[in-house]
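What follows is a single structure, written as structure tokens, with notes after it.
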Amino acid sequence: MRLQSRFLTALLVLLGLLSCSPREQLMVIPRPASVQMLRGRCDLNNAPVYESKDASIPPEGYLLELGKNRIHISSSDDAGAFYARVTLYHICRQYGAEAPAMRIVDSPRFSYRGAHIDVSRHFFDKDVICKQLRMFASLKLNRFHWHLTDGTGWRLQIDAYPELTAGIPHYTKEDVREVLSLADSLHITVIPEIEMFGHSEEVLAVYPELRCGGNPEHPSEYCIGSEKTFEFLETVLGEVIDLFPSEYIHIGGDEANMAVWEACPRCQARMKAEGMAEVRQLQSYGIQRIEKFVNSRGRKIIGWDEILEGGLAENAVVMSWRGEEGGRKAAGMGHDVIMTPGSHCYIDAYQDAPYKEPTAFGGYVPLSKVYSYDPAPEDMPGREHVLGAQTNLWTEQVPVPEHLEYMLYPRVFAIAEVDWSPAEGKDYSEFRQRALFRLKQAHEDGYNSFDLENEVGERKEYLEPVQHVAVGCPVSYETTYADSYTGGGDSALTDGLFGSWTFQSRWQGFLNKDVIVTIDLGETKDIHEIKADFTQWRTAWICMPVEVSFEISDDGVNFRQLGTEVGGFDLEDLRPMYHFFSWNGDASGRYVKVLGRINERKWGWLFIDEIIVN
């Protein structure tokens, strides 16, 4: 079928993107599977576009040929034809009126290519959501995970329960239909999430009868022992299923406080009636019961990896966020999984040096780290069950649309390439150049973004080992570090390695206690400097010590104090901080003791990563 040139114009309008700039290297994101440059040039303004079907082409894949006198698109389905047009659009925008003749054979690595936006913590109206969908489509993403409910706000009109949205911004059903109509035209499936059985403060505030025993001290968890809970959830899900056509409904399932159920008479009665030995089986009971209802309406469920606890529902898809373990376990059991580990895919984290960035929730996930992710490596058992990967943007610290886009782009570019392009041939330096080119286009189109061109990058201390007299010396601990933040174990404080911008790398954490450690230098030495590196991440309850003292000893028993540095930091400041507490002077001894004092309120963590002795 011949397509007139107005078709391309309509596509550009649909995507909301309209400019061109000449370039000689193909700068498409995501990277096509195969590009063959041919002799000659293609007149993009006048070459007619032809389209044909070819059943041998994989789903969503395409063959795009730019010849001297015509452009030809082959695909096996409408999605493939659409993605061919998206690639053609990018070629037009890059080269202008005339492009090299070329042959592109392309298809996605994964069927699920997703991005998630939380609209509970901060609400973003339908126009903001539609704008992001246009960008997602231009990156060949095909799933939008819409986090519509959480403890801070229920954002979806439910006719049976109008109190859920009374007095707060939310989406009407007509708003949702508009979003769904656009998404459908862009070959994006919208997956709604209705959170259960925790993170439900906003529901229990207006329907307290759904709490365990109606107890206001436990405002987050539905009572699984109450039939009213299931009446409510099934009514809500019925309306959601009627509104959203997606095959999957996301039902949350994360971070429920099971101690609430353990103390609830109704939940205990449910456990006894069902023959349950462990309270975590209650969550499995609830998930399986909800799954049966959703299945009865012709749909399937997705849940966060906690739904594995107590036994996985039969047809559920696991979304693995607490690292990769949950996804690997579920895939090995034959269940489909979507990989979204916080280490690589949580883009509410800082993407550059925290001292220069807007406040983020925690962690450090730069563009390079997202790009490095492989959802299904060769050695992964059950890797054929990995549907794809997804970035997640939680919005506790993201109040306005400009900030939303700042956190999304360019990191969503990276997950798009991880999901679409072959794992072989990845080259971050080359990708970064394409990302810079794509960002310039995004800015022309009215999108905000992180300033990738002026990226600071990783903490310089992290990049190279440091040499000092205590490197390799044994460390004894009067207080113990947490099992979850060992920093590398007993040798971490004298291994010559600093932590990165994120406290999750090489830092050693002490929960609700002082840091008191002693280094044995092996022999008496002249000492002129001692430094201890601490960090503060208030959003993760990690604070600077109020003071750090330094002592020295000849025998490891009798210590003399060298000095103390008082902290003086604002313990409520949300911005991450890094500071070397230090002493300088002249002393000699074999044993060096460092004492970091926790603040007087006795809460939170102290994090240290290296003690330098010179």
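The values are calculated or read from the model by the stated rules, or taken from the named source; none is laboratory data. It should be emphasised that the depicted structure is a prediction, and the values quoted were computed from it without experimental measurement. Positions of Cβ are backbone-derived with ideal geometry, glycine not excepted, and every protein chain shown enters the neighbour counts. With ligands, DNA and RNA removed, areas are computed over all heavy atoms of the protein, side chains included. Shrake-Rupley method; radii C 1.70, N 1.55, O 1.52, S 1.80 Å.
Residue-by-condition table, conditions (1) open to solvent by less than 60 Å² (accessible area, probe 1.4 Å); (2) touching a residue at least 24 places away in the same chain (Cβ under 8 Å); (3) more than 20 Å from Ile301 (Cα to Cα):
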residue	(1), (2), (3)
Thr172	yes, no, yes
Ala183	yes, yes, yes
Leu186	yes, yes, yes
Glu201	no, yes, yes
Cys212	yes, yes, yes
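Taking interchain pairs and intrachain pairs at least six residues apart, which have beta carbon atoms under 8 angstrom, with the first residue in region 90-119 and under 19 Å from Leu186 (Cα atoms) and the second hydroxyl-bearing (Ser, Thr, Tyr) and part of a strand (DSSP E or B)?
Filtered contacts from region 90-119: Asp106/Ser34; Asp106/Tyr62; Ser107/Tyr62; Gly114/Thr391; Ala115/Thr391; His116/Thr391.
Name the helices (runs of 4 or more DSSP H) wholly within region 232-350 that hold at least 3 residues that are open to solvent by 50 Å² or more (accessible area, probe 1.4 Å) and closer than 28 Å to Leu180 by Cα? If you could, list the steps in order and put the result at the bottom.
Values: elements: 258-262, 265-274, 280-296, 325-332, 342-345.
Answer list for region 232-350: 280-296.
Only one of Asp379, Asp374 is surrounded by fewer than 18 Cβ atoms within 10 Å (Cβ to Cβ), modelled with pLDDT of 95 or more and in a loop (DSSP other than H, G, I, E, B). Can you tell me which?
Values: Asp379 fails: modelled with pLDDT of 95 or more.
That would be Asp374, the only listed residue that is surrounded by fewer than 18 Cβ atoms within 10 Å (Cβ to Cβ), modelled with pLDDT of 95 or more and in a loop (DSSP other than H, G, I, E, B).
So which residues in region 470-487 are open to solvent by 60 Å² or more (accessible area, probe 1.4 Å) and either within 25 Å of Arg590 (Cα to Cα) or without any contact (Cβ under 8 Å) to a residue 12 or more places away in the chain (or both), if there are any at all?
The answer is Gly472, Pro474, Ser476, Glu478, Thr480, Asp483.
Take region 23-52 and flag every residue that is within 37 Å of the chain's Cα centre (by Cα) and either assigned to a loop (DSSP other than H, G, I, E, B) or free of Cβ contacts under 8 Å to residues at least 24 places away in the same chain (or both). It would help to see each step written out before you state the result.
Of the residues in region 23-52, the ones within 37 Å of the chain's Cα centre (by Cα) are 23-37.
Scanning region 23-52 gives Arg23, Glu24, Gln25, Leu26, Met27, Val28, Ile29, Pro30, Arg31, Pro32, Ala33.
Look at region 488-513 and say how many of its residues are open to solvent by 30 Å² or more (accessible area, probe 1.4 Å), assigned to a loop (DSSP other than H, G, I, E, B) and either modelled with pLDDT of 95 or more or farther than 21 Å from Ala353 by Cβ (or both). Give the derivation first.
Residues of region 488-513 open to solvent by 30 Å² or more (accessible area, probe 1.4 Å): 488, 490-491, 495, 497, 504, 506, 511-513.
The next check asks that each one be assigned to a loop (DSSP other than H, G, I, E, B); those that pass are 488, 490-491, 495, 497, 504, 506, 512-513.
Now drop any that are not either modelled with pLDDT of 95 or more or farther than 21 Å from Ala353 by Cβ (or both), which leaves 488, 490-491, 495, 497, 512-513.
The qualifying residues number 7.
Could you list, ordered by first residue, the pairs with Cβ atoms under 8 Å in which the first is in region 132-146 and within 13 Å of Val179 (Cα to Cα) and the second is among the acidic types (Asp, Glu), at least 6 apart or interchain?
Listed pairs, sorted by first residue: Gln132/Glu405; His145/Glu193; Trp146/Glu193.
Considering only residues that are open to solvent by 60 Å² or more (accessible area, probe 1.4 Å) and either of a type outside the set (Val, Ile, Thr) or outside any strand (DSSP E or B) (or both), which ones fall in region 548-567?
If the condition is that a residue be open to solvent by 60 Å² or more (accessible area, probe 1.4 Å) and either of a type outside the set (Val, Ile, Thr) or outside any strand (DSSP E or B) (or both), then Asp554, Asp555, Val557, Asn558, Arg560, Gln561 are the ones that fit.
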